[in-house]
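The values are calculated or read from the model by the stated rules, or taken from the named source; none is laboratory data. Not measured: the values here are computed from a predicted model. Neighbour counts are summed over all protein chains in view; Cβ atoms, including those assigned to glycine, are modelled from backbone coordinates with ideal geometry. Note: accessible area is taken over every heavy atom of the protein model, side chains too, but ligands, DNA and RNA are not part of it. Shrake-Rupley method; radii C 1.70, N 1.55, O 1.52, S 1.80 Å.
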Amino acid sequence: MTKLNLVGIILLLFFPFSSSAQENDSLLTLERIFSSSEFSSDYQRPIFWIEDGDAFVSIEKDKAGNDELIRYESKNYKSSTYLAANNLNINGKNLTIEDFSLSPDASKVLIFTNSSRVWRSNTKGDFWVYDFDTKKLKQLGKDFPSSSLMFAKFSEDNQFVAYVHDFNIYKENFKTGELTQLTEDGTGDIINGTFDWVYEEEFGMRDGFMWSPDASKIAFWQLDASEIGTFYMINNTDSVYSEPIALQYPKAGFNPSSAKVGIVDTKTSEVTWIPMPGDPVQHYLPAMQWLNEDLVLIQQMNRKQNKLNIFTYKPSTSALKKVYTETEETWVDLRYPDISSNQWGNNDQLIVDNGKSFLRMTENDGWRHIYKVNLESGEKTLLTPGDYDVATYYQTDDKNLYIVASPDNATQRYLYRVPLDGNGKLTKVTPQQFEGVNTYDVSPNGKYAIHKFTNVSTPNTVNLVNLPKHKSVKNLIDNERLKNKLSSLALPETSFFKVMTENGIEMDARMTKPLNFDSAKKYPVLFHVYGEPWGVVATDQWVGLYELFMAQQGFVVISIDNRGTPTLKGSDWRKSIYQNMGVLNTNDQAAAAKKVLATYDFLDEKRVNVWGWSGGGSMTQNLLFRYPEVYQTGVAVAGVANQLFYDNIYQERYMGLPSEDKEKFIEGSPVTYAKNLEGNLLLIHGTGDDNVHYQNMEYLVNELIRNNKQFDMMAYPNRAHHIYEGKNTSIHLYTLITNYFLEHNGLK
């Protein structure tokens with residue numbers, strides 16, 4: 001329902017797919033959108049800053065189509081071959097570079113390849129090391145099964161590589177190949193150096209260990225998942241007999257895994273456990289980082305996630321010291337969800353003042369602000385005073401911090417800088433011509449950045465810029481081919497407006513009108529919704545081909561962001577959804593829809609449609625069940641029908657504990673009001689969804705049947721939350737959705 005799944009869903013909606021239609025056709029078809037490459041978008045492959053940001057390396061293809069590494073000077077984009085493809089040939093076949101890292105002295109390149117999926121990310125694979133001194137390529141863990149190593153990384157002294165295999169941590173001597181197993185108890189129930197499903201999904205945590213700066217120790221997480229309930233998905237299609245797929249999944253109200261952090265001596269394999277206070281089952285440990293060779297910073301949250309404690313731990317003396325506490329009546333966020341944040345899963349604090357302070361973004365004063373916290377004294381310095389929200393922060397140049405904000409327009413994002421000394425002066429860095437959403441990958445030294453820009457009419461463009469002048473060094477992606485293809489289409493108009501509901505709530509909204517729009521006519525309206533704390537929809541980003549297609553079909557497409565969504569409107573706006581998920585957001589959406597229908601005469605109040613995915617699927621169900629007088633037709637994809645069926649970290653963060661307020665979970669769940677269905681409902685779900693389980697659809701179906709409510713449904717066998725696996729799945733899915741709306745609105 002959240003995070004990476006939501007990102008994937010948004011990509012489906014907002015970024016262009018491909019096509020095979022004739023170039024002179026001015027109208028989109030589903031075939032043009034979902035096949036071939038007519039409208040494919042260019043994208044920037046990941047870059048990796050080196051030399052503190054004065055250069056970077058990119059994975060590219062040579063003339064033969066093989067992966068190689070190319071180095072670029074940040075100041076002038078001058079390129080040179082960093083690691084040629086011919087150095088990566090094994091038995092006549094070149095390695096595919098999926099990821100890479102450098103040894104601390106840059107004498108070796110660690111290459112990740114041949115990966116396999118763990119949950120929703122490819123984190124298992126093979127690791128190879130190319131040594132620039134010997135000009136040789138060597139595989140790590142060569143005696144282990146193929147594609148079974150995780151998170152390999154060099155020690156700071158460049159002599160060893162550590163990695164995870166089968167829930168245990170190993171150390172390998174790079175030169176001799178000598179292998180040392182540092183933990184012995186990993187089983188799957190006991191997890192060393194990586195995480196369980198829910199830590200990955202809700203905290204973005206995968207890599208669970210790190211070397212100390214002097215290479216004498218490794219700090220690592222250990223989770224005990226032995227008491228986590230097993231949820232079974234069923235594969236009915238790959239053999240004559242069905243196959244159960246077991247998933248450790250802690251549902252709302254059930255205990256999470258216990259977690260602790262250990263320090264293992266890399267010479268003796270002796271483990272010392274950090275003596276964190278409190279019950280390890282009723283607390284989370286979502287972040288840990290080395291500050292120096294004898295100091296670790298570790299973050300702890302309580303089960304309800306409304307209290308964050310940050311500690312330092314000194315391995316030489318076993319001294320644990322609390323340096324920061326943050327509490328909320330609602331919940332405390334780690335990294336805040338925002339469209340400008342590209343740091344999902346990095347929960348570390350940014351260290352400044354030569355290691356003396358860290359930065360913490362918090363909402364304690366009604367706005368989302370950044371404080372500098374002294375590690376020794378705990379003294380806090382507000383860096384971003386003012387009545388505005390910080391969307392995210394990136395990096396410093398030692399004097400200034402680069403942040404993203406948009407004080408005047410919550411649908412947009414811009415880069416600013418603010419001094420680290422606390423004087424609070426906010427200086428806009430993004431030039432005026434980039435009106436829309438701007439995101440950045442800022443170099444470690446704060447002197448350069450990869451700048452991505454988009455707005456409703458502009459697909460992504462990417463530039464290498466210097467900072468703080470924001471002068472372009474090189475245009476990396478202009479998407480001119482796509483823009484030219486779009487110019488051949490008859491494009492609908494997209495505009496922004498605000499909705500003021502009867503109870504005085506003002507919401508941002510985006511509208512795309514049909515071609516040849518005539519305000520004297522009546523058009524069916526299609527509301528696209530999400531509405532939960534992990535996503536926004538009314539943003540100044542490229543609208544994508546499917547929204548344009550539906551407008552070409554004759555719909556007015558509208559997206560509205562209700563209270564509780566992570567937009568830049570103050571803490572009260574975002575936190576008002578606490579213990580009101582499914583109620584407040586649904587009421588806001590319906591109130592906004594009523595006001596829009598009453599305001600615009602060209603909207604047909606007898607043809608009101610709504611659809612959404614994941615949290616938007618839940619919203620769609622709630623809207624049809626709670627407001628049947630407003631909405632006639634809805635398509636709910638992969639929605640949570642019963643909040644007690646979703647994972648504990650997400651649901652308890654926003655709703656509290658079921659043991660204390662179970663009735664609030666029931667009140668916010670769509671299934672509670674399924675008896676009120678009057679309109680047309682299409683339910684869609686993948687039976688292999690390990691995130692929002694197919695159980696949700698079956699449970700809702702039973703309730704609809706019990707109340708003799710007619711509806712439609714489609715189950716996609718073995719498809720996960722994104723519902724894209726298998727040939728033609730995407731075009732089948734979107735054809736299904738489209739035809740449902742066309743048929744129930746008299747357009748087919």
Could you give the dipole magnitude of the stretch 122-195 about its Cα centre, charging the beta-carbon of Lys and Arg +1 and that of Asp and Glu -1, in debye to the nearest 20?
360
Can you tell me how much longer the chain between D265 and D478 gets when fully stretched, taken as 0.36 nm per residue apart minus their C-alpha distance, in nm with one decimal?
71.7 nm
Any idea what the dipole of the chain comes to, in debye rounded to 20, about its Cα centre with Lys/Arg Cβ at +1 and Asp/Glu Cβ at -1?
1240
Probe 1.4 Å, all chains present, heavy atoms only: F254 accessible area in Å², nearest 10, is 140
Using alpha carbons only, how many degrees (0 to 90, rounded to 10) separate the axis of helix 658-668 from the longest principal axis of the chain?
40
With +1 at each Lys and Arg Cβ and -1 at each Asp and Glu Cβ, the charge dipole magnitude of the stretch 453-583 around its Cα centre, to the nearest 20 debye, comes out at 360
Taking the Cα centre of the stretch 442-539 as the origin and placing charges on Cβ (Lys, Arg +1; Asp, Glu -1), which of H470, V529, N503 is farthest toward the positive end of the dipole?
H470
Let me have the relative contact order for the chain, percent, based on Cα pairs under 8 Å that are six or more residues apart.
10
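Using 0.36 nm per residue, how much length does the chain from K75 to D42 gain when fully extended, once their Cα-Cα distance is taken away?
Roughly 9.5 nm would be gained on extension.
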With a ≥ b ≥ c the root eigenvalues of the C-alpha gyration tensor of the stretch 154-298, is it rounded (a/c under 1.5), prolate (a/b larger than b/c) or oblate?
oblate
Placing +1 on the Cβ of each Lys and Arg and -1 on the Cβ of each Asp and Glu in the stretch 604-748, which of L736, I705, P717 has its Cα farthest towards the positive end of the resulting dipole?
L736
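For K138 and A106, compute 0.36 nm times the residue count separating them, minus their Cα-Cα distance, and round to one decimal in nm.
My answer for the length gained is 9.9 nm.
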For the chain, find the longest principal axis of its Cα atoms and tell me its angle to the long axis of helix 615-626, 0 to 90°, nearest 10.
30
Dipole axis of the stretch 262-412 (+1 Lys, Arg; -1 Asp, Glu on Cβ), positive-most option in T317, T411, M301
T317
HN-Hα couplings for the stretch 306-311 via Karplus (6.51, -1.76, 1.60; θ = phi - 60°), in whole Hz with x for Gly/Pro, come out as 10, 9, 10, 10, 10, 10
Count the net charge of all other residues whose Cβ sits under 13 Å from the Cβ of L644, scoring Lys and Arg as +1 and Asp and Glu as -1.
-2
Say R0 is 35 Å: what FRET efficiency, to the nearest 0.05, do L382 and T272 get from their beta-carbon distance?
0.40
Entries in K175/K356; K322/K664; K153/K372; K153/K569 that, when Cα-Cα distance is taken, lie over 32 Å
K175/K356; K322/K664; K153/K569
Need the C-alpha centroid separation for the stretch 622-647 versus the stretch 109-142, integer Å.
44
Got a sec to turn the phi values of the stretch 599-613 into Karplus ³J(HN,Hα) couplings, 6.51 cos²θ - 1.76 cosθ + 1.60 with θ = phi - 60°, whole Hz, x for Gly and Pro?
8, 9, 5, 7, 8, 8, 6, 9, 10, 10, 10, 8, 8, x, 10
The ³J(HN,Hα) series, computed from each phi in the stretch 695-706 with the Karplus coefficients 6.51, -1.76 and 1.60 at θ = phi - 60°, rounded to the nearest Hz and given as x for glycine or proline, is 3, 4, 5, 5, 5, 5, 4, 4, 5, 5, 5, 4
Where labels lie 7 Å past Cα in the beta-carbon direction, separation of Y232 and N302 in nm:
3.8
Considering the values (i) 31.2; (ii) 28.6; (iii) 27.4, which represents Kirkwood radius over Cα pairs in Å as calculated for the structure under consideration?
(iii)
Mind listing which trypsin sites (Lys or Arg not before Pro) in the stretch 249-327 are in a DSSP loop and have 14 or fewer other Cβ atoms within 10 Å?
K267
Counting helices only, and only those DSSP H runs with n ≥ 4, report the 222 nm mean residue ellipticity of the chain as the sum of -39,500 (n - 2.57) divided by its residues, in deg cm²/dmol to the nearest 500.
-4500 deg cm²/dmol
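By the scheme Lys and Arg +1, Asp and Glu -1, what is the net charge of all other residues having a beta-carbon under 11 Å from that of F160?
0
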Straight-line reach from K513: which lysines fall under 22 Å, measuring Cα to Cα and dropping same-chain residues less than 8 apart?
K483, K485, K498, K521, K522, K594, K595, K606, K748
What does the accessible area per residue of the chain come to in Å², with a 1.4 Å probe and no ligands, DNA or RNA counted?
39
Counted charge near I723, where neighbours are those whose Cβ lies closer than 15 Å (Asp, Glu -1; Lys, Arg +1)
0
With a ≥ b ≥ c from the Cα gyration tensor eigenvalues, square-rooted, and the rule rounded for a/c under 1.5, otherwise prolate when a/b > b/c and oblate otherwise, the stretch 415-531 is oblate
With a ≥ b ≥ c the root eigenvalues of the C-alpha gyration tensor of the stretch 699-748, is it rounded (a/c under 1.5), prolate (a/b larger than b/c) or oblate?
oblate
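Given a 1.4 Å probe and every protein chain left where it sits, what share in percent of the accessible area of the chain is carbon and sulfur?
46
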For K322 and V118, extending 7 Å from Cα along the Cα-Cβ vector and measuring point to point gives, in nm, a value of 3.3
